[in-house]
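The values are calculated or read from the model by the stated rules, or taken from the named source; none is laboratory data. Nothing here was measured: the structure is a model prediction, and the numbers come from that model. Cβ placement follows ideal geometry from the backbone for every residue including glycine, while neighbour counts extend to all protein chains displayed.
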């Protein structure tokens, strides 16, 4: 009888264990998941602060601080303004009479002598000529290059060596447009040589002994359309000028 009770008791225990094990096994993962979820939430909360700091550090490393970015932006704007500003070529000096209506003008005294001529003038003598030029106080800008206007009166003289003689001499009256740089200059002019119409092109180099004076050396080519007995002719001359900025 005792043996039968013992077997029933064991059977009952086995049945109870079989029925309770799935419940325990089902509860355990839920708790594990809950625990894992809780632990992940705690880990996530801990990571938020550190991730913000890392993000700020990365942004600062890539783009710099806000103060550096502002400084860079101001520098870029200043460079842009400099590029847009028109570059002006420095020409004449401030002048002696700063408050006068003549300010911006100059007065120059010139000497010249031909060193080569066209075939029509090869047999003609030439001499040293003198002249005076005035730069008018007006200017016109072409892009960033200022053009100035000059009026010049000078002598010229050619004498024929042939027995029949003859001469081509007198005064020239020339209106010029000139581009004047820091040290170099170029001028194009039209006018009258005595009663003949002609044109000229001049290139020069100058330097300043003082602030409001200058010395200029250059060369000029002159073309005359019609000279009596010989027709059109040209010559090139060396020039030396001394000027005063007004």
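Brief remarks follow.
Residues checked against (1) without any contact (Cβ under 8 Å) to a residue 40 or more places away in the chain; (2) assigned to a strand (DSSP E or B); (3) crowded, with 16+ Cβ neighbours inside 10 Å:
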site	(1), (2), (3)
131	no, yes, yes
162	yes, no, no
189	yes, yes, yes
197	yes, yes, no
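- Among the residues of region 203-222, some residue qualifies, meaning at least one is free of Cβ contacts under 8 Å to residues at least 12 places away in the same chain and in contact with a strand residue (DSSP E or B) (Cβ under 7 Å, 6 or more places away or on another chain).
- For residue 115: the one exception among (1) assigned to a strand (DSSP E or B); (2) exposed (fewer than 13 other Cβ atoms within 10 Å of the Cβ); (3) over 43 Å from the mean Cα position of the chain (by Cα): (3)
- All conditions but one from (1) farther than 20 Å from residue 242 by Cβ; (2) assigned by TED's automatic domain parsing to the domain that holds residue 224 apply to residue 101; the one that does not is (2).
- In region 153-175 there is at least one residue that is farther than 16 Å from residue 104 by Cβ, at pLDDT 90 or above, in the same structural domain as residue 113 (by TED's automatic domain parsing) and within 33 Å of the chain's Cα centre (by Cα).
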